[in-house]
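Structure record follows, encoded as C-alpha cells.
The values are calculated or read from the model by the stated rules, or taken from the named source; none is laboratory data. These figures come from a predicted structure and were not determined experimentally. Here the Cβ positions follow ideal geometry from the backbone for every residue, glycine too, while neighbour counts run over all protein chains shown. Heavy atoms of the whole protein, side chains included, go into the accessibility calculation; ligands, DNA and RNA do not. Shrake-Rupley method; radii C 1.70, N 1.55, O 1.52, S 1.80 Å.
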Amino acid sequence: MSGGLRMAVFFFLAGLVVLMWGATFVTKRHERVASGVADLPPRSFEALSLVVLGSGGSFENHLRWGPALAVAHGESALLLDAGRGVAEALRAAEFPAWQPRHVFLSSLQPENTVGLDDLWLTARLSGPAQPLRVFGPPGTAELVRGLQSAFAAPAAAQAADWALAPDGAGIAARELRGGERIAVGALQLRAAAVEGGLAFRIEQGGKVIAAALAGTDRAAVVRAAAGADVLVLEAVSGESLAQAAAAGAENIEAIEREARKHWRLEEAGGVAAEAGARALALVRLRPPPVFNFQYERVVRQSFRGPVLIAADAQVIEP
C-alpha cells in the first residue's frame with residue numbers, strides 16, 4: 001500500500017471515529033434532555049420500601065431537596081411531607097409526580113408544606129384524573145382551602161388549555177387527631193398525635209416503617225415506633241450547636257430557639273433503642289454532616305443497630 005493510500009485510510013478512519021464520537025455525544029445529550037420531560041411509568045416495589053425523596057431541612061440546600069419521604073409497596077405509594085421541589089424529587093427517584101395520591105403531613109411547618117401546590121398542579125398535567133388527598137394535623141383543611149383559592153383561576157385556565165378533567169384532579173384535605181388508620185393500597189398507616197404534630201407508623205407484610213418528624217415527644221414517639229424495622233428521625237447536632245455558641249455565631253439565640261423544637265443527635269439513638277427499632281434512618285440533619293461517620297459515631301453510642309444518614313433518592317428496605 002502506497003504512502004498516500006495509507007494516509008487516506010488513516011484520515012478516513014480518524015474521521016469515522018470522530019463522527020461516531022459526535023453521534024454518541026448527541027445521542028446521550030438527547031437522552032438526558034428527554035429524561036427530564038418524558039412520561040414515567042409508575043414505579044413498583046416488591047417489598048415495603050422507604051424512598052428518601054428529600055433529606056434537606058428548613059433552609060435551601062442545592063445538594064438536598066426539601067423534606068419528603070415516600071413509602072411504597074407494589075405501585076401503591078404515599079408521601080410523608082411535601083417540601084421544596086417535591087415534584088422534581090419524585091422524578092429524580094423515578095416516580096411520576098401523579099403516582100402518590102396521598103400526602104401525610106407531620107406538621108404544618110412551611111418546610112413540610114411548600115411543595116403541595118407544586119405536587120398538585122404538576123401531577124394533573126400528565127397523570128390520571130385522581131385528586132391529591134392531604135392528611136395532617138388540625139389546620140390542614142384551612143391550608144388546602146387557601147391553596148384552592150389562590151390557584152382557582154390559573155388552575156381552571158390550565159385545565160381548559162390542556163383539556164383536563166375539571167373535577168378529577170383536585171385537592172382534598174382530612175385532619176387527623178391520632179389513633180386513626182388509613183389504608184393506601186396494601187399499606188396500612190396509623191397516625192399518632194405527638195407534641196407539635198403527628199408521627200406515622202406504616203405496616204405491610206409484617207414489616208414496619210415509623211417516622212417521627214415533628215416535635216420531641218419521646219414517650220409518644222417510642223409508643224408509635226415500638227418494634228419498627230426502620231425508625232426515621234430528624235435531629236440537630238448538639239455538638240455543632242455548642243461550638244457555634246462558643247464561637248459567638250450571629251443570631252445564636254434564634255438558632256437555639258429553633259433547635260429546641262427538634263431532637264438532639266445525641267439522643268436520637270436512645271429514642272430508637274427505647275422503641276426497640278431495628279434500624280435508624282436520619283434525615284433533615286442540622287447542620288448536614290460533612291462526613292457521615294461523624295454523626296454515625298455519635299448515634300452508635302446509644303444505638304447498636306444500623307444507622308443510615310439518608311441521601312436523596314436512597315431506597316431503604318426494612
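Data overview
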| item | result |
| --- | --- |
| Residue in the range 41-60 that is surrounded by the most Cβ atoms within 10 Å (Cβ to Cβ), counting only those that are of a type in the set (S, T, N, Q) and under 14 Å from E234 (Cβ atoms) | S55 |
| Qualifying position, being in a helix (DSSP H, G or I) and within 19 Å of V236 (Cα to Cα), among V283, V298 | V298 |
| Boolean, R177 is touching a Lys or Arg at 6+ places or on another chain (Cβ under 6 Å), within 22 Å of S106 (Cα to Cα), open to solvent by 70 Å² or more (accessible area, probe 1.4 Å) and charged (D, E, K, R) | no |
| Residue list for the range 304-318, filter: open to solvent by 10 Å² or more (accessible area, probe 1.4 Å), closer than 30 Å to A77 by Cβ and either aromatic (F, W, Y) or not in a strand (DSSP E or B) (or both) | G305, P306, A311, D312, A313, E317, P318 |
| Filtered residues of the range 158-171 (kept if within 26 Å of the chain's Cα centre (by Cα) and surrounded by 13 or more Cβ atoms within 10 Å (Cβ to Cβ)) | A169, G170, I171 |
| Count of the range 143-157 residues which are surrounded by 15 or more Cβ atoms within 10 Å (Cβ to Cβ) and at pLDDT below 90 | 1 |
| Among (1) farther than 25 Å from R297 by Cβ; (2) over 20 Å from the mean Cα position of the chain (by Cα); (3) β-branched (V, I, T), the one test that V208 misses | (2) |
| For A254: the one exception among (1) under 30 Å from E203 (Cβ atoms); (2) open to solvent by 20 Å² or more (accessible area, probe 1.4 Å); (3) part of a helix (DSSP H, G or I) | (1) |
| Inter-residue pairs, beta-carbon under 6 Å, first more than 11 Å from Q130 (Cα to Cα) and among the β-branched types (V, I, T) and in the range 146-172, second part of a helix (DSSP H, G or I) and modelled with pLDDT of 85 or more, 6+ apart | none |
| Elements of type strands (runs of 3 or more DSSP E) contained in the range 186-249, each with 2 or more residues being among the β-branched types (V, I, T), in contact with a strand residue (DSSP E or B) (Cβ under 9 Å, 6 or more places away or on another chain) and surrounded by 18 or more Cβ atoms within 10 Å (Cβ to Cβ) | 207-212, 230-236 |
| Flag for L63 being more than 26 Å from S149 (Cβ to Cβ) and open to solvent by 30 Å² or more (accessible area, probe 1.4 Å) | yes |
| Pair list, Cβ < 6 Å and 6+ apart or interchain, from the range 216-229 residues that are in contact (Cβ under 8 Å) with a residue 40 or more places away in the chain and charged (D, E, K, R) to residues that are open to solvent by 20 Å² or more (accessible area, probe 1.4 Å) and not in a loop (DSSP other than H, G, I, E, B) | D229/K207 |
| Members of the range 90-134 found to be among the aliphatic types (A, V, I, L, M) and open to solvent by 40 Å² or more (accessible area, probe 1.4 Å), listed by number | A92, L108, V114, L125, A129 |
| Residue match in the range 239-255 (condition: within 19 Å of A281 (Cβ to Cβ), touching a helix residue (DSSP H, G or I) at 6+ places or on another chain (Cβ under 9 Å) and among the hydroxyl-bearing types (S, T, Y)) | no |
| Failed criterion for A272 (all others in (1) under 20 Å from A228 (Cβ atoms); (2) out of contact with any strand residue (DSSP E or B) (no Cβ under 8 Å at 6 or more places or on another chain) hold) | (2) |
